[in-house]
Amino acid sequence: MKKTLFYACAALCVALTAGFYGCSDDEEIVLNEIRVDKKTVNMVVGEQVPITATTRPIEVKADFLWYSNDEDVVKVSQAGVLEGIGVGRTTVVISQGQVRRSIIVFVAATPVALTAIDAPSTLNVPIGYPVKVEAKPVPEDATDLFFEWSSSDEDVATVSQDGRITANVNAIGSTAVITVKQGEVEKSITITVVKPTMTAISDPSITKVAVRYPATITVGPFPSSADYAPFSWTSLTPDLATVTAAGVVTANTNTLGTAKLRVTSGTFSRDIDLEIFSYSPKSYELSKDAVCNLDAVDWDTGGTNVSQYGNGSKEQSYVNGVPGDIGQNVGSVGTGSWRQYTVYVKDAGKYKVRAWLSGPNPGTVAKMHLEVDGSGANDSGTLSSPGQGGWHVWSAATAWVDFPNTLTLSKGYHVIRYVVDVANHNYKQFEFTYVP
């Protein structure tokens, strides 16, 4: 009986002990998440926004730590109230123990109402040069700006939505009203279309001039549509080139090189360098020391109506009816045609000139003469050639024919023009001999 009672009491003790441990109210509950009522916050400077944060599981007591990653943008109280400080973007972090939660915060400027638009009341708009108007808000920190632009007359001037005004080239002196507005706030700008103001002299039309070949140089205002005072010309190197009031440049020089001109217009001036060169494809020098034989096919390279005019072509010279090794000549010559040749005179003085010719005989008497430096005068007298018995009879006794007059030439470069008064011949060469 006693033994049975002992076992019963032991069993009761074990049961009571087990029940004590299995039913304890002090078991720990672990925080595994923080929830917020706003994951992203958009606010303005000065605004306050409360954030509600809760624990999960909800049985966990909240003991949050709040902080901002950039307090120049937003501050946060330990009660979870955000305050916008400055424009920008940052994050606010809520933590408790090892658990964290972030909120993205955007802070914008506090809206400021537009009261006026600051822009000029009148404006000159030059043709060809659009003018961009800077319209400024009043107050300067006004927000939500979107200006609208319009023109009262697009035949006078148009305006883009960024405020760029473009004048019509045919509307000089005309006016229009440009309006910039936002909502009920607007500003009117009266524009007048004008010619642009000259700011410089443009690049010259030529940068080089052939010796003894007059050429006209022109410039203009920059911008090209600007008003300008008449241009006047001066040669800074008159020993190399002269220039007329109309801009006609003549390089009357003993040497090739660079001439300098100055052009002025009102208060503007510009110095221009002009390269002086020779049109001659070869260098031919006249001197007292040697006879100069100038090949007729080496006429100057200035082109038609500059260094040549009319019929005349380079062709192979024939000997006894077949091409010979005696070079080329000018054939297919036309009456009234001419060719020009640039020569350099080393020794000033008189020079006898004769031509190497070939033409049919009997036939029309060929006639020609020489002009010096664009004189337009018959400086050599008229040479008459009775013919040599054929188009390529270069060895005939009458093949070399003298011009009646000598040419008086100063030292330096000269242009000799061979003028065909009556055709009916080919010509091959000119011989210049100094006359003491």
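Values computed for the structure shown
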{"read-out": "Selection from the range 346-379 of residues that are of a type in the set (A, V, I, L, M) and not in a strand (DSSP E or B)", "value": "ALA348, VAL365, ALA377"}
{"read-out": "Residue count for the range 336-346, restricted to those that are among the hydroxyl-bearing types (Ser, Thr, Tyr) and within 15 Å of ASN305 (Cα to Cα)", "value": "2"}
{"read-out": "THR192 vs. criteria of a type outside the set (Asp, Glu) and within 30 Å of VAL180 (Cβ to Cβ)", "value": "yes"}
{"read-out": "Residue selected from the range 209-224 under the condition hydrophobic (A, V, I, L, M, F, W, C) and free of Cβ contacts under 8 Å to residues at least 60 places away in the same chain, by the criterion nearest to VAL194 (Cα to Cα)", "value": "PHE222"}
{"read-out": "Residue match in the range 73-84 (condition: acidic (Asp, Glu) and exposed (fewer than 13 other Cβ atoms within 10 Å of the Cβ))", "value": "no"}
{"read-out": "In the range 309-362, residue nearest to the chain's Cα centre (by Cα) [restricted to those that are on the phi > 0 side of the Ramachandran plot and surrounded by fewer than 22 Cβ atoms within 10 Å (Cβ to Cβ)]", "value": "GLY310"}
{"read-out": "Residues (hydrophobic (A, V, I, L, M, F, W, C), touching a Lys or Arg at 6+ places or on another chain (Cβ under 8 Å) and either more than 24 Å from ASP162 (Cβ to Cβ) or not in a strand (DSSP E or B) (or both)) located in the range 95-132", "value": "ILE103, ILE104, VAL105, PHE106, VAL107, ALA119, ILE127"}
{"read-out": "Test set (1) over 19 Å from TRP356 (Cβ atoms); (2) surrounded by fewer than 16 Cβ atoms within 10 Å (Cβ to Cβ); (3) acidic (Asp, Glu) - ASP402 fails condition number", "value": "(1)"}
{"read-out": "Residues of the range 205-222 that turn out to be under 30 Å from the mean Cα position of the chain (by Cα) and surrounded by fewer than 18 Cβ atoms within 10 Å (Cβ to Cβ), as a count", "value": "8"}
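For every residue, the table says whether it meets (1) modelled with pLDDT under 95; (2) among the aromatic types (Phe, Trp, Tyr); (3) not assigned by TED's automatic domain parsing to the domain that holds ARG417.
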{"site": "CYS292", "(1), (2), (3)": "no, no, no"}
{"site": "ASP298", "(1), (2), (3)": "no, no, no"}
{"site": "THR304", "(1), (2), (3)": "no, no, no"}
{"site": "TYR309", "(1), (2), (3)": "no, yes, no"}
{"site": "ILE326", "(1), (2), (3)": "yes, no, no"}
{"site": "TYR344", "(1), (2), (3)": "no, yes, no"}
{"site": "PRO360", "(1), (2), (3)": "yes, no, no"}
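The values are calculated or read from the model by the stated rules, or taken from the named source; none is laboratory data. Given the structure is predicted, the values throughout are model-derived calculations rather than measurements. Counting neighbours? That spans all protein chains shown, and the Cβs are built from the backbone with ideal geometry, glycine included.
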